[in-house]
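Rule-based calculations on the coordinates, nothing more; no lab input. Not measured: the values here are computed from a predicted model. Methodologically, a virtual Cβ is constructed for each residue, glycine included, from the backbone with ideal geometry; neighbour enumeration extends over all protein chains shown.
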Amino acid sequence: MALVVSLVLAAAGAFSLFLLWLALDRALSQRRLAARLARYELLDAPAAPAGERPRLVHLAALRRLGAAAAACWPQELLLRWRRTLLHAGLVERLSVEEFLALRLVATAAGVLLGACVVVWLGPAGLAVSVLGGVVGYLAPAVVVARVSRERRRAIERLLPVTIDMIVVSIRAGLSFDSALLFVCERVDNELVRELRRCVADMQLGSSRRDALLALADRTQSATVNQFVRAVIQAEELGNGMARTLSGQSAALREIRRLTAEEQAGKATIKLMFPLAAFMMPALFILIMGPAVLQTLQMFRGR
């Protein structure tokens, strides 16, 4: 009977983890597809406003569980999670309460999956159950951190092209704010969504400096921070915005080229370890094997 109960609990936990993985994998797939379409200029207009993007969690029970747990959770930790979701671009699709509910469900699923090991290992299996709970609690945070890294890389990859579009618009006679609005109305990708929010902040009364600094804080990207500082400096010193942004775009492309060359240079060093671990034993066997076999035959002949 205990074995049947353990198997049922393990199946329920596995199904819960599968649903969590499916929701997050779908979000990542949609993000990669949108970035790829925008790269080839096949996505000219946003499919829906930023506030109408589909949510990742649709179960009211999970939202109620997260709201009840958030009341007992430290507020500093909830604020830090909200900033993490903001940097990952998920704050409009996944609230802090829903994220907390997902972590609790994943923790329970990990404990249940580890509990089935107790049937075979006995008391020693309790450590596996505790380890499953720890892994389940940390898994959503690891996935969100991965989403944040991929989003930051996509933004840095799209930034030079977006700057070129802004420069062309400025040289055509538009102001910087009008150029931002022009780009936001015709392109949809991760960077343009953040620029669209920046334009909305300026339309609601924020200064250009504050809106751009908030943009740099949301993206957590060094290249976006350089772009923001260049725009603020051009505005304060009265330099030509088009000339400043053109130089910024060229500098970003040069940084990307140097980074690619650095990664290519490190590739040869990184390849030494798998070569030494996998190919060298096979080469030793191929080279030294016949000599060893001949030596053994000589000793056997004696």
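Here are a few things to note about the model shown:
- Label point distance in nm, ARG186-GLU92, each placed 7 Å from Cα along Cα→Cβ: 2.1 nm
- Extension gain (nm, one decimal) between ARG300 and LEU204, 0.36 nm per residue minus Cα-Cα: 25.4 nm
- For the range 150-299, with +1 on Lys and Arg beta carbons and -1 on Asp and Glu, the positive-most of ALA250, MET202, GLY238 along the dipole: ALA250
- On the beta carbon distance between LYS266 and LEU286, with R0 = 25 Å, the FRET formula returns roughly 0.30.
- Given their separation in residues at 0.36 nm each and the Cα-Cα distance between them, ALA145 and VAL130 gain 3.1 nm when the chain is fully extended.
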